[in-house]
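Student: Mind looking over this structure? Questions follow.
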Amino acid sequence: MSETEVPDPALTLAPKPLPRGPTEGPLTTEELQLSARNHSMPLEALRYDITPLGLHYLLIHFDIPMIDPAHWRLSIGGQVARPIELTLDEIHARPRVTMPVTLECAGNGRSRLFPRPVSQPWVTEAVGTGLWTGTPLSELLAEAGIAADAVEIVFTGADHGIEKGHELDYARSLSVVEAERPEILLAYEMNGQPLLPQHGFPLRLIVPGWYGMASVKWLTRIEAATTPFKGYYQATNYHYRAGPDDPGTPVQRIRPRALLVPPGYPDFLTRRRTLAAGPCRIEGRAWSGEAPIERVVLGIDGGWQEAVLEPEQGPYAWRRWTSVWEAEPGEHILSCRATDASGQSQPLEPNWNWIGVGNNMVQAVPVTVR
Ligand SMILES: Nc1nc2c(c(=O)[nH]1)N[C@H]1C(S)=C(S)[C@@H](COP(=O)(O)O)O[C@H]1N2
Ligand SMILES: [Mo]
C-alpha cells in the first residue's frame with residue numbers, strides 16, 4: 001500500500017484465512033457466526049424433563065427452508081414394490097405415537113479439544129429432550145415393500161448448500177435393519193405443537209439413541225437403495241478419524257454423558273458460580289444411546305460420591321439424578337460422570353479426533369463457596 005492510499009475498513013474486518021484442520025489459535029469469525037446461528041441449551045434447562053420449545057439446541061448446516069405445507073409432499077421410492085406419495089394431512093391421519101427422545105449433536109464438546117477442529121464450537125450443552133409425536137417409519141416401509149436386495153434407506157431434506165467444496169442436499173442413510181426399528185418416527189410435532197421451522201417443519205426423522213445428524217429435518221424423500229449411500233454427510237463427514245487420511249469409523253449412537261445444573265448464581269462475563277456454604281442439592285441429567293444409564297457419580301475436586309437416579313422417563317430420554325454436596329468455603333470444581341449398562345463410562349480426558357465428534361469427557365464447573 002502506498003502512503004496516500006486509505007485502508008478500506010471493510011477489508012480490515014475481513015476474516016483471516018481459515019486454519020486447515022484443527023487449530024490452537026483464537027476463535028475465528030466463522031466459528032462465532034456458526035455459534036450465533038446454532039445455539040446450545042442453557043445448562044439451567046437441565047431442570048426440565050422435557051426441554052421447553054426455544055431452549056432445545058439447534059444445528060442447521062445451511063438455511064432454514066421455508067416450506068408451504070399445502071404443496072409439500074413426502075415421497076417413498078427407489079427399490080420398493082409400491083412407491084408412495086403422501087400429503088401432510090395423510091401423514092397426520094396415520095397411527096400416532098408420542099415419546100420423549102434426547103437428541104445430542106455429535107460435535108458436542110468440540111471446543112474442549114486441543115487443538116480444536118474448526119466447526120460449530122460447542123462447549124458441553126448441545127443437547128435437549130423433546131416430546132416428539134409422529135408416525136412409525138417401519139409401517140410405511142412395509143407398505144412400500146422394500147426390495148429384498150435393498151441394503152440402505154436414504155433420507156433427504158429440503159435444505160441445500162456447500163460444505164468443504166461438496167454441493168448437496170442434506171441427506172443421511174440407515175441400513176434397512178436399523179431403519180425398520182420400531183422406535184424410529186416421522187415426527188410432525190414437538191412438545192404438543194407443530195414442529196418449529198428450525199426443528200424441521202413440516203416433517204423430520206427422529207432416530208432415538210443416535211447422535212442428532214441421523215434425524216434428518218425438512219424431510220422430502222425416502223429411498224431404498226441396493227448400494228451403500230456415498231453422500232458427504234454419510235461417507236465423509238461424521239466419522240471418528242485419527243487424521244486427514246484416516247477413513248475412520250461411522251458416528252452412530254450417543255456415548256454416555258451426565259451434565260449438572262451449575263449451582264448458585266453466575267458472573268455475567270465468566271459464568272463463574274458463587275454460592276453459600278452448607279448442604280447444596282446438585283441436580284442434573286444423564287443419558288446414553290448405547291444402553292440404559294446405570295450409575296452417576298458427582299465429582300468434587302477430583303473425589304467422587306454416588307448420585308441418586310430418579311425413575312426413567314422412557315428408554316430414549318435423559319434421566320434425572322441428584323446428590324447433596326456439603327459445600328465448604330473456598331474454590332471448588334464440580335463434575336459428574338455417567339456409566340451405562342454396556343459398562344461404558346465417560347472419559348476424564350478429551351476424546352480427540354480429527355473433526356471433533358463424540359467428545360463426552362466429563363464436565364467441569366468451577367464454583368466459589370462463601
Ligand atoms: N435437513 C437437515 N437435517 C438435519 C440437519 C441439517 O442441517 N439439515 N442437522 C442435523 C444435526 S447435525 C443435528 S445435531 C440435528 C439437530 O436437530 P435440532 O436442530 O432439531 O436440535 O439435526 C440434524 N438434521
Ligand atoms: Mo449435529
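The values are calculated or read from the model by the stated rules, or taken from the named source; none is laboratory data. Just so it is clear, the model here is predicted, and its values are computed rather than measured. Virtual Cβ from ideal backbone geometry, glycine too; neighbours counted across all protein chains shown. These accessible areas exclude ligands, DNA and RNA; they are computed on the full protein's heavy atoms, side chains included. Shrake-Rupley method; radii C 1.70, N 1.55, O 1.52, S 1.80 Å.
Student: Just for region 226-370, what percent of DSSP beta bridges are antiparallel, to the closest 5?
Tutor: 90 percent
Student: Between rounded, prolate and oblate, where does region 29-250 land on the alpha carbon gyration tensor, with a ≥ b ≥ c its root eigenvalues, rounded for a/c under 1.5, else prolate if a/b exceeds b/c?
Tutor: It comes out oblate by the Cα gyration axes.
Student: I've got another one for you. Report Rg (one decimal) and Dmax (nearest whole number) for the chain, counting Cα atoms only, units Å.
Tutor: Both quantities, over Cα of the chain: 22.3, 74 Å.
Student: In debye, nearest 20, what is the charge dipole magnitude of region 257-369 about its Cα centre with +1 on Lys and Arg Cβ and -1 on Asp and Glu Cβ, if you could check?
Tutor: Dipole about the Cα centre, nearest 20: 300 debye.
Student: Something else now. How large is ³J(HN,Hα), in whole Hz, for each residue of region 129-144 in order, when computed from phi with the Karplus curve 6.51 cos²θ - 1.76 cosθ + 1.60 and θ = phi - 60°, using x for Gly and Pro?
Tutor: After applying 6.51 cos²θ - 1.76 cosθ + 1.60, I find 10, x, 9, 9, 10, x, 10, x, 5, 4, 5, 5, 4, 5, 5, 6 Hz.
Student: For region 193-207, take each phi angle, set θ = phi - 60°, evaluate the Karplus expression 6.51 cos²θ - 1.76 cosθ + 1.60, and give the result in whole Hz per residue in order, putting x for glycine and proline.
Tutor: Result, rounded to whole Hz: 10, x, 3, 6, x, 6, 9, x, 3, x, 8, 9, 7, 10, 10.
Student: Turning to a different aspect of this structure: Carbon-plus-sulfur fraction of the accessible area of region 29-250, 1.4 Å probe, in percent?
Tutor: Percent of accessible area from carbon and sulfur atoms in region 29-250: 55.
Student: Once region 257-369 is represented by equal point scatterers at the alpha-carbon sites, with solvent omitted, what log10 I(q)/I(0) does the Debye formula produce at q = 0.11 Å⁻¹?
Tutor: Rounded to two decimals, the profile gives -0.37.
Student: Need one word for region 199-265: rounded, prolate or oblate. Basis is the Cα gyration tensor (sqrt eigenvalues a ≥ b ≥ c); a/c below 1.5 gives rounded, then a/b vs b/c decides.
Tutor: oblate
Student: Could the peptides 94-107, 263-276, 134-147 be put in order, highest first, of the mean number of other beta-carbon atoms found within 10 Å of their residues?
Tutor: In descending order of packing, they fall as 94-107, 134-147, 263-276.
Student: Can you show me the helix-derived [θ] at 222 nm for the chain, built from DSSP H runs with n ≥ 4 at -39,500 (n - 2.57) apiece and divided by the number of residues, rounded to the nearest 500.
Tutor: Value at 222 nm, helices only, nearest 500: -2000 deg cm²/dmol.
Student: Over the chain, give the accessible area per residue in Å² for a 1.4 Å probe, as an integer.
Tutor: Using a 1.4 Å probe on heavy atoms only, each residue of the chain averages 47 Å².
Student: With θ set to phi - 60°, apply the Karplus curve 6.51 cos²θ - 1.76 cosθ + 1.60 along region 89-105 and write out the HN-Hα couplings as whole Hz, x wherever there is a Gly or Pro.
Tutor: 4, 5, 5, 4, 7, 7, x, 10, 10, 10, 8, x, 9, 8, 9, 9, 6
Student: Can you quote the Å³ per residue value for the convex hull of the Cα atoms in region 160-239, rounded to an integer?
Tutor: Cα convex hull per residue, to the nearest whole number: 109 Å³.
Student: Starting from the amide H of Glu294, placed 1.01 Å from N in the peptide plane, find each other amide H under 5 Å away whose residue is 5 or more places distant or on another chain.
Tutor: Excluding prolines and chain starts, which carry no amide H, the hits are Thr339, Asp340, Ala341.
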